[in-house]
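The values are calculated or read from the model by the stated rules, or taken from the named source; none is laboratory data. The shown structure was predicted, so the numbers you read here are calculated from the model rather than taken from an experiment. Here the Cβ positions follow ideal geometry from the backbone for every residue, glycine too, while neighbour counts run over all protein chains shown. For accessibility, only protein heavy atoms count, side chains too; no ligands or nucleic acids. Shrake-Rupley method; radii C 1.70, N 1.55, O 1.52, S 1.80 Å.
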Amino acid sequence: MVLRHVFLLVLATAVLDGVMCFSAGGLQPFTGIRQERSLAAMQPRMPSLHLVNSGTGAQATALCVAFTGSLSSLAPSTCLDGGSGGGKTILRSGGGGGDGDEEDDDEAEVAALLKKYNLQMSDLPEGALALPAAKLARFIEAYSNAFNRFLINSWGAWRDKMLADPEFAYKMMVEETVGLGLAMSGTVAARGKDLLNELDFFLTDCAVGAVLNFVLIWLLAPTVRQSAATGAIAQQLSRLPAFVFAEGQYSLAQRAAAGLYKGSLFGACGFVGSVGGTSLAYLLFLIRQMADPEAGSSEKRLPNVLANSLGWASFMFVSTNPRYQFVNGIEQVMYKVVPPSVGRVGSLVLRTGNNVVGGATWVMWARYIGLQKKAEAA
């Protein structure tokens with residue numbers, strides 16, 4: 001039986017997120033690919049920055065910026081997940097100046113972006129000023145929306161995801177609207193005329209689906225690490241890439257380990273989500289029987305909680321995990337070679353197709369392991 005999917009509150013939040021993302025990240029004309037330059041060069045009063053290798057192999061690679069000069073109002077330092085594995089790289093302020101003309105050009109570019117979205121330099125969150133110019137432009141575009149700015153300023157984990165990937169909110173919106181919409185449309189078609197009578201089961205399906213979609217995107221999204229991992233296992237895991245094809249100087253073993261680790265997390269989420277959704281369905285069924293014993297006898301047979309949950313856990317590991325690994329890898333390349341507006345369209349098409357493939361492969365997997373028979377799947 002298909003996994004129990006999104007509650008209305010999460011769906012409403014997803015729709016608001018979708019409106020936010022589209023309003024903040026709408027289609028823009030093709031302007032070519034921006035040259036990636038550090039914003040550190042965009043502040044005339046800020047000393048030049050020099051890379052210093054700290055050589056701490058036990059820590060995940062990080063990028064630390066010591067802010068001085070006109071940026072003294074910000075926190076003293078910020079550590080960003082550099083995604084290159086191995087040692088630690090520190091950006092430390094140093095003496096000397098830079099190319100004055102280039103600084104002026106860069107400062108004008110950033111000033112134009114801030115003016116366009118009615119923002120001040122001091123409005124940007126900690127860590128934003130360490131982003132390259134092209135990435136900063138995408139971040140400012142997302143940050144200009146009031147709802148996304150509220151999440152960034154009030155939820156540190158969300159801020160870290162947005163700093164690492166300014167398109168994170170857009171990808172989340174696609175999964176929670178398009179992906180969830182496809183799942184709901186399939187559920188509506190399967191329930192047919194019984195939909196209104198089984199509205200409680202339908203909402204349970206939606207709730208579980210929304211939560212799982214959120215978790216899938218969250219687990220594979222890169223992040224900015226503000227503090228070093230503690231404990232031997234945590235340090236080992238912190239050295240792994242966010243997803244198999246993430247940029248960085250990672251070994252083949254690290255990438256393979258990342259795939260297995262994320263797959264195990266996906267499987268655990270599928271198991272827990274299915275246990276919760278199926279158990280809730282049983283609870284609703286019992287409530288119906290208590291309210292109307294005659295109606296309860298005609299209810300469809302509910303799946304075994306343990307068997308259904310193990311089925312979903314295995315499906316998340318063998319199908320969902322590799323599909324989303326490839327989706328993230330393709331998007332990573334896509335956003336580097338096309339303008340952000342084109343990249344968003346590409347993400348929409350890519351993730352829509354992935355959800356269609358996921359629905360089809362679940363039916364095949366459920367039949368293969370004996371959870372569904374052909375008559376039930378139809």
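Take L306 and decide whether it is more than 30 Å from A242 (Cβ to Cβ), modelled with pLDDT under 95 and open to solvent by 40 Å² or more (accessible area, probe 1.4 Å).
The answer is yes for L306.
Looking only at segment 188-200, residues that are of a type in the set (G, A, S) and open to solvent by less than 60 Å² (accessible area, probe 1.4 Å) come to 1 in all. Any residue at all in segment 96-110 that's at pLDDT 85 or above, of a type in the set (A, V, I, L, M, F, W, C), open to solvent by less than 30 Å² (accessible area, probe 1.4 Å) and farther than 26 Å from R239 by Cβ? Checked against the condition, which is being at pLDDT 85 or above, of a type in the set (A, V, I, L, M, F, W, C), open to solvent by less than 30 Å² (accessible area, probe 1.4 Å) and farther than 26 Å from R239 by Cβ, segment 96-110 yields no hits at all.
Just one of the listed residues (L180, L203, L220, L136) is open to solvent by less than 10 Å² (accessible area, probe 1.4 Å), under 23 Å from G358 (Cα atoms), more than 14 Å from the chain's Cα centre (by Cα) and touching a residue at least 40 places away in the same chain (Cβ under 8 Å), namely L180. Please go through segment 339-349 and give me each residue that is out of contact with any helix residue (DSSP H, G or I) (no Cβ under 6 Å at 6 or more places or on another chain) and open to solvent by 40 Å² or more (accessible area, probe 1.4 Å), ordered by number. Across segment 339-349, the qualifying residues are V342, V345, V349. Take G192 and tell me if it is assigned to a loop (DSSP other than H, G, I, E, B) and at positive phi. No: the conditions fail for G192. When M184 is tested against (1) modelled with pLDDT under 90; (2) touching an Asp or Glu at 6+ places or on another chain (Cβ under 7 Å), exactly one condition is not met: (2). The lone criterion from (1) open to solvent by less than 30 Å² (accessible area, probe 1.4 Å); (2) assigned to a helix (DSSP H, G or I); (3) out of contact with any Lys or Arg (no Cβ under 6 Å at 6 or more places or on another chain) left unmet by Q236 is number (1). What about N321, is it open to solvent by less than 80 Å² (accessible area, probe 1.4 Å) and under 15 Å from the mean Cα position of the chain (by Cα)? Yes, satisfied. Close contacts from segment 331-352, counting a first residue that is more than 27 Å from M184 (Cβ to Cβ) and a second that is open to solvent by less than 40 Å² (accessible area, probe 1.4 Å) and outside any helix (DSSP H, G or I), with Cβ to Cβ under 8 Å and a gap of 6+ residues or different chains, come to Q332/A246; Y335/E167; P339/G32; P340/G25; P340/E167; S341/G25; S341/G26. Report yes if A253 is over 24 Å from G359 (Cβ atoms), part of a helix (DSSP H, G or I), open to solvent by 50 Å² or more (accessible area, probe 1.4 Å) and modelled with pLDDT of 90 or more, otherwise no. Judged against the criteria, A253 is a match. So is P125 outside any helix (DSSP H, G or I) and buried (at least 20 other Cβ atoms within 10 Å of the Cβ) or not? For P125, the condition - outside any helix (DSSP H, G or I) and buried (at least 20 other Cβ atoms within 10 Å of the Cβ) - is not met. One residue stands out among those in segment 139-177 that are crowded, with 18+ Cβ neighbours inside 10 Å and aromatic (F, W, Y): the one that is farthest from P125 (Cα to Cα), which is Y170.
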